[in-house]
Amino acid sequence: FPPVAVYQKRMRGADYLNGQTDGQPHRQTTLEEMLLLHVTNLNPAVTLYKELFDDYPLKQATAYEALVGGLADFFSGETGFGGQGSVETLIHVLRAPAIASPYSLEGQLHFLLDKWGAMLGESFILRILRGIDFVKEAAIRGPFAGGFAGEASVISFGGAYAEYERFSPDKDWMPRCVLIAKNSYVWLDQLSKQYGREIRRLDQIPDEELDKIAKAGITGLWLIGLWERSMASQRMKQMMGQADAVASAYSLMSYEIAGDLGGWDALGNLRWRAWQRGIRLSADMVPNHMGIDSRWVVEHPDWFLSLPYSPYPNYSFNGADLSNDNRVGIFIEDHYYDKNDAAVVFKRADRWTGDVRYIYHGNDGTSMPWNDTAQLNFAQAEVREAVIQTILHVARNFPIIRFDAAMTLAKKHIQRLWFPEPGAGGAIPSRSEHGLTRAEFDAAIPEEFWREVVDRAAAEVPDTLLLAEAFWMMEGYFVRTLGMHRVYNSAFMHMLRDEDNAKYRSVMKNTLEFDPQIMKRYVNFMNNPDEKTAIEQFGNGDKYFGVAAMLVTLPGLPMIGHGQIEGFREKYGMEYRRAYWDEQPDEGLMAHHERVIYPLIRHRYLFAEVENFLLYDVFTPEGVVNEDIFAYSNGPSSGSGQAERALVVYHNKY
C-alpha cells in the first residue's frame, strides 16, 4: 500500500480500502501488509536495507502504530499455534526466524526450512532455497571477497558422482615425457639478450637452445602465449599503467599463431627443428572463455552467457570502447578502472542491429571475474561442438595440449557456477535466478564435456597427450573417469615445500590404494606460471635438489618451470613482453642440474611406470614411522626386457 492507482492519485485511498480483489477485502490485505512491514522493521538482519521499508514516517503521521498494537492484542486473544493453552501467536511465529538468527538472513531462511519445511509446498521451498542463494551472492559481491588460498588438500578418492574406470591408454612416448615451460615473449627477449641479436620469432630460436633442452633429457616444450591475443586485454592493461604489457595469454582473439611471433610458418620451422631432437611442442587451449573482443564475441554473441539487461543497477558502462571492430562496441564496467567493484558482466553493443547485451566474464567462483574474458555457454550443444573443433585444430598442430582451468568444465562445476540448483547457488553473483534443476541441467548437458573431448581426440588425433589443469579434489576423476592422460598434482609442490611430509605420503598411499594407475598420470611440478618461482619456494640448496630428484624419479609427468634451471627469481606475468629483472643464470645451480638431475631425467624409463613402484615406511629405532623420509623403488614395466631397478631415499626436513 498504496497501490499504483492510489499513488498516482487516480483513486482515493478510502475507495480502494472499501473495495476487494477476487473476493479478498482490500482492508484485510492492507492490514496483512502493515503487519509484515512492522515485523520486518523489528528484524536486525535487514538494517542495511531499512531505507526501503522504514516505518518511522508512518509512526509519525498516521495511526499505523495504534493499528499494529491492536493487531497484537487481537492475536493474543486467539488460540495459539501450539493448540489450546499455547501463547504462541501469529506475530510470535512471524518473528521466530529473526529471534533464532537475528543478524543473518541466511540463518533465518534455514530456520524456516528446518522448523516448518515439512508443511511448506514445493514451490515455496524452492523460493526459500533461491533466497538463500541470493544472500550468498550478496555476500561475495565485494571486490575483495573470496580468493584461492593456494593450499592443497590431501587427495582422496570416491565421491558422490560416478567414478567408473575408463583410463585413456598411453602411447609409448607419453610415460617418459618431461615438460619444460617457457613464456614465449619473455623467452625470446631473454634469448635476444643472451645471443646479442634480435630474436623475436619462433623460427629465430637458436638450435643451440633446443640442443640444451634435448641434452637434459627433456622431451616436451610448452610454449605459453602463442595464440593471437585480445587487443582489448592489452589496452586495458596499458590503461591501468602497464605501458609495455601484452594481453593476457588466456584472453584470446583466436586460435591463430600470433603474427608478431612469426605465425604458422615460424611455428612449422620450430616444430620441425624440435622434432629432429626428439622434442614435442605443447600449447595451451583455453576452453572456458574467449577474449571480450574475440571473433566469437563479435560474430557469435549467442555462444556466450549473457543477459538483455544489466544484472545490478549500480553497474555503469560509460568508459572507453575497447572494440577494434566497427560492428560492435565493447565496454567493461566503470568501477574496474577505479577498483571499487568487480562486475560479473561487460556490455556488448551491436552497431548494426542495435542489440545490447551484457555478457558474463569468465569466472571460477574463487575470486574476482577475469575481466578481459567472455564466458562461453556450455549448456548449448553448438558451443560444445565449436570448442571441440577448436581443440582438434590445436591437436593437429601440437602433440601435447594443456587445458587451462579444466575443472571449471566438469559438469558438476558448470552447474554450480552458472546454473545452480536451488539452494546450491552463490558462487557467482546474479546466476542463482538462472539456475536449473538437476534434471533440466542433465537434459542440456547429457554427458561430461571432457569425456566427449577425450573420445573425439582418440578417434581423430590419437597421438595427442591431453593434460588438464584441474584442482578441487578432482585429480583422480579427470584421469580415471574422464580419460585425460595427465592431470595437475599441486599437492606435490605445496606439501613438499611446506614439509607437510606426512600429508604427501598420505596422498601417495591413498592414490596407490585406490588405483596406482592414477599416480603415473600426475603432473608434478615445483612451480607453475601462477605460483612463485621454484627458487623462491625451495631455495637453491639441498632442499631444492632433494625435491627436484623426487620430481624426476616419481611416476608421472615432471614439469619444469621457466627459469627454474637457471635459478631465476622473477615470476613472469601472463601479460609480460619481457623480463623486468636483470638476472643472470646461476652457473653453479645449472652445473649441479647437469651432474645430478639430468642423468635421472635421461633414465625416466626406470621411474615412469607404476607396475613395480613400491613406497616404503622407514622406522625409527623406537619403532615409529619417520614421515619425513620418502623411500621408494621402481623399475621398467614388466615385459620391457630390462631388469634395472632404482631406489630413491630423501629426507625432506631441516
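All of the numbers you see were taken from the coordinates with simple rules; none came from a lab. As the structure is a computational prediction, the values presented were derived from the model and not from experiment. We place every Cβ from the backbone using ideal geometry, glycine too, and count neighbours over all the protein chains shown.
The table below lists the values:
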quantity: Placed amide H near residue 465: partners under 5 Å, 5+ positions off or other chain; calculated: 400, 401
quantity: Value at 222 nm in deg cm²/dmol, rounded to 500, when DSSP H runs of n ≥ 4 in the chain each add -39,500 (n - 2.57); calculated: -10000 deg cm²/dmol
quantity: Order of 508, 519, 290 under a 10 Å beta carbon neighbour criterion, fewest first; calculated: 508, 519, 290
quantity: ³J(HN,Hα) computed for each position of the range 479-486 - Karplus, 6.51 cos²θ - 1.76 cosθ + 1.60, integer Hz, glycine/proline x; calculated: 8, 7, 9, 7, x, 4, 6, 9
quantity: Overall Cα dimensions of the range 4-120, principal axis frame, Å, largest first; calculated: 45, 37, 28
quantity: Modelled label reach - residue 113, point 7 Å along Cα→Cβ, the range 404-445 residues with backbone N closer than 11 Å; calculated: 422-425
quantity: Residue-wise HN-Hα coupling along the range 310-326, computed from phi with Karplus coefficients 6.51, -1.76, 1.60 (Hz; x: Gly, Pro); calculated: 6, x, 9, x, 7, 6, 9, 9, 10, x, 5, 6, 8, 7, 10, 10, 6
quantity: Computed lengthening from residue 596 to residue 238, 0.36 nm per intervening residue step minus Cα-Cα distance; calculated: 124.5 nm
quantity: Karplus (6.51, -1.76, 1.60) ³J(HN,Hα), θ = phi - 60°, over the range 337-345, in Hz, Gly and Pro reported as x; calculated: 6, 9, 6, 9, 7, 9, 4, 8, 9
quantity: Gyration tensor verdict on the range 156-252 (Cα atoms; rounded if a/c is under 1.5, prolate if a/b is larger than b/c, oblate otherwise); calculated: oblate
quantity: Length-normalised contact order for the chain - Cα pairs under 8 Å, 6+ apart - percent; calculated: 13
quantity: Residue list for the range 230-258, given a label point 7 angstrom along the Cα-to-Cβ vector of residue 299 and an amide N cut-off under 20 Å; calculated: 230-233, 251-258
quantity: Per DSSP, loop trypsin sites (Lys or Arg not before Pro) in the range 540-584 with at most 13 further Cβ within 10 Å; calculated: none
quantity: Rounded tilt (10° steps) of 381-395 against the dominant C-alpha axis of the chain; calculated: 20
quantity: Neighbour cut-off at most 14 other Cβ (10 Å), DSSP loop, chymotrypsin sites (Phe, Trp or Tyr not before Pro), the range 165-201; calculated: 173
quantity: Gain on full stretching of the segment that runs from residue 458 to residue 8 - 0.36 nm per residue minus C-alpha separation; calculated: 155.2 nm
quantity: Rounded tilt (10° steps) of 263-276 against the dominant C-alpha axis of the chain; calculated: 50
quantity: Long pairs among 215/571; 182/212; 509/543; 412/520, criterion Cα-Cα beyond 18 Å; calculated: 215/571; 509/543; 412/520
quantity: Degrees between helix 184-195 axis and first principal axis of the chain (Cα, 0 to 90, nearest 10); calculated: 30
quantity: Neighbour-limited loop hits for trypsin sites (Lys or Arg not before Pro), the range 383-487 (at most 14 other Cβ within 10 Å; DSSP other than H, G, I, E, B); calculated: 396
quantity: Inter-centroid distance (Cα atoms) of the range 334-386 relative to the range 36-97, Å; calculated: 43
quantity: Within straight-line cross-link reach of residue 653, aspartates and glutamates at Cα separation under 15 Å, skipping those fewer than 8 residues along the same chain; calculated: 498, 499, 500, 542, 627, 628
quantity: Antiparallel bridges, percent of DSSP beta bridges restricted to the chain (to nearest 5); calculated: 55
